Amino acid sequence: MCVFCKIVNGEIPSKKIYEDENVIGILDISQATVGHSLIIPKKHYENILSIDDIDYLNVMKAVKLVTNKIGRNLPVKGFNILNNCNEAAGQTVMHFHVHILPRYDNDDLKIEFKSHELDLDEIQTKINL
Ligand code: AMP
Ligand code: ZN
């Protein structure tokens, strides 16, 4: 059983900040910023490619709720909402989850998009095949 299934079952402890019938929200054990949270479906799905549509919507609804809750109660200036899909993208726990990363003045989180000069028409054609 994966680590998030064990948390859902109560087999290992977690710092819960949200729970409903289908979803839990917990503090990430390694706080990239203060209040870094994870929204996790109670049912095991490996990633966004395989999660059931209704459970995906359940998760995203909770993401919005918890983001607002954090924003009300911590001196937050913004958020990054993030999902890593597969090892190539940095996924380490193979149970779908969404990161909520509160942002503060002078925090040390770096999320960087480098720009590449690529042919957008060609890419669009490939994706729309
Ligand atoms: P990802 O790299 O997107 O798969 O993120 C997995 C996240 O789960 C990491 O940020 C870990 O710090 C976090 N994590 C792993 N084990 C636990 C745990 N027992 N309780 C809370 N967070 C955890
Ligand atoms: Zn699991």
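Table for the structure above
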{"item": "Residues located in region 51-69, provided they are open to solvent by 60 Å² or more (accessible area, probe 1.4 Å), of a type in the set (A, V, I, L, M) and more than 14 Å from residue 24 (Cβ to Cβ)", "result": "54, 57, 60"}
{"item": "Some residue of region 97-111 being open to solvent by less than 60 Å² (accessible area, probe 1.4 Å), in contact with an Asp or Glu (Cβ under 7 Å, 6 or more places away or on another chain) and among the hydrophobic types (A, V, I, L, M, F, W, C)", "result": "no"}
{"item": "Top-ranked residue in region 67-104 [being part of a loop (DSSP other than H, G, I, E, B) and of a type in the set (A, V, I, L, M, F, W, C); ranked as nearest to ligand 1 (Cβ to nearest atom)]", "result": "93"}
{"item": "Single condition residue 1 does not satisfy, out of (1) out of contact with any Pro (no Cβ under 6 Å at 6 or more places or on another chain); (2) closer than 22 Å to residue 101 by Cβ", "result": "(2)"}
{"item": "Residue within region 114-125 that is outside any loop (DSSP other than H, G, I, E, B), within 16 Å of residue 26 (Cα to Cα) and more than 16 Å from ligand 2 (Cβ to nearest atom) present", "result": "no"}
{"item": "All positions within region 32-48 that are away from ligand 1 (no atom under 12 Å from the Cβ), within 23 Å of residue 77 (Cα to Cα) and open to solvent by 20 Å² or more (accessible area, probe 1.4 Å)", "result": "34"}
{"item": "Residues located in region 72-96, provided they are within 16 Å of ligand 2 (Cβ to nearest atom) and either surrounded by 12 or more Cβ atoms within 10 Å (Cβ to Cβ) or under 16 Å from residue 110 (Cβ atoms) (or both)", "result": "83, 84, 85, 86, 91, 93, 94, 95, 96"}
{"item": "Hits in region 11-31 - residues which are in a loop (DSSP other than H, G, I, E, B) and open to solvent by less than 40 Å² (accessible area, probe 1.4 Å)", "result": "28"}
{"item": "For residue 107: the one exception among (1) part of a helix (DSSP H, G or I); (2) among the acidic types (Asp, Glu); (3) more than 22 Å from residue 2 (Cα to Cα)", "result": "(1)"}
{"item": "Flag if residue 104 is over 20 Å from residue 16 (Cα atoms) and either in contact (Cβ under 8 Å) with a residue 60 or more places away in the chain or in contact with a Pro (Cβ under 9 Å, 6 or more places away or on another chain) (or both)", "result": "yes"}
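The values are calculated or read from the model by the stated rules, or taken from the named source; none is laboratory data. Small disclaimer: the values here were computed from a predicted structure and weren't measured. As a convention, Cβ positions derive from the backbone with ideal geometry for all residues, glycine included, and neighbour counts pool all protein chains shown. Ligands, DNA and RNA are stripped out before the accessible areas are found, and what is left, the full protein with its side chains, is counted by its heavy atoms. Shrake-Rupley method; radii C 1.70, N 1.55, O 1.52, S 1.80 Å.
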